[in-house]
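The values are calculated or read from the model by the stated rules, or taken from the named source; none is laboratory data. Keep in mind that what you see is a predicted model, and the values were worked out from it rather than measured. Reconstructed Cβ throughout: ideal geometry from the backbone, glycine too, with neighbour counts over all protein chains shown. In case anyone asks, the SASA skips ligands and DNA or RNA and just uses the protein heavy atoms, side chains included. Shrake-Rupley method; radii C 1.70, N 1.55, O 1.52, S 1.80 Å.
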Amino acid sequence: MPFTHSIILAFLLFGIGVAGFLIRRNAIVVFMSIELMLNAVNLLLVSFSGIRGDLDGQVFAFFIMAVAAAEAAIGLAIIIALFRRFRSVDLEKTTLLRS
């Protein structure tokens with residue numbers, strides 16, 4: 001895959017992730033949007049690593065995947081707790097931390 005294609009794909013994925021994070025109010029969709037943005041960054045890191053011919057970007061991508069796995073575990077636990085309390089995953093209904 002040419003380098004420009006991977007950059008365009010990464011920016012598209014990141015843009016879709018940002019739009020999903022800002023527009024949607026469903027906690028699961030917001031959670032998946034964050035994962036999409038992390039994967040876009042991983043794609044860029046691996047692409048730059050391939051261009052430079054070293055492994056630094058791949059090591060950072062592996063670190064981001066480890067952080068994303070931890071974030072997935074914690075995020076899903078929070079979503080389950082929200083669902084148990086409010087019987088919905090709509091973020092507009094979760095007003096506990098406001099005011």
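Points worth noting:
- Selection over the stretch 58-72 of residues that are small (G, A, S) and either touching a residue at least 12 places away in the same chain (Cβ under 8 Å) or open to solvent by 80 Å² or more (accessible area, probe 1.4 Å) (or both) gives a count of 3.
- Scanning the stretch 34-49 for residues that are over 13 Å from A72 (Cβ atoms) and open to solvent by less than 80 Å² (accessible area, probe 1.4 Å) gives M37, A40, V41, N42, L43, L44, L45, V46, S47, S49.
- Just one of the numbered conditions (1) touching a residue at least 12 places away in the same chain (Cβ under 8 Å); (2) hydrophobic (A, V, I, L, M, F, W, C); (3) under 21 Å from T94 (Cα atoms); (4) open to solvent by 40 Å² or more (accessible area, probe 1.4 Å) is not true of F31: (4).
- Selection count, the stretch 19-28, where residues are in a helix (DSSP H, G or I) and either among the basic types (K, R) or open to solvent by 50 Å² or more (accessible area, probe 1.4 Å) (or both): 4
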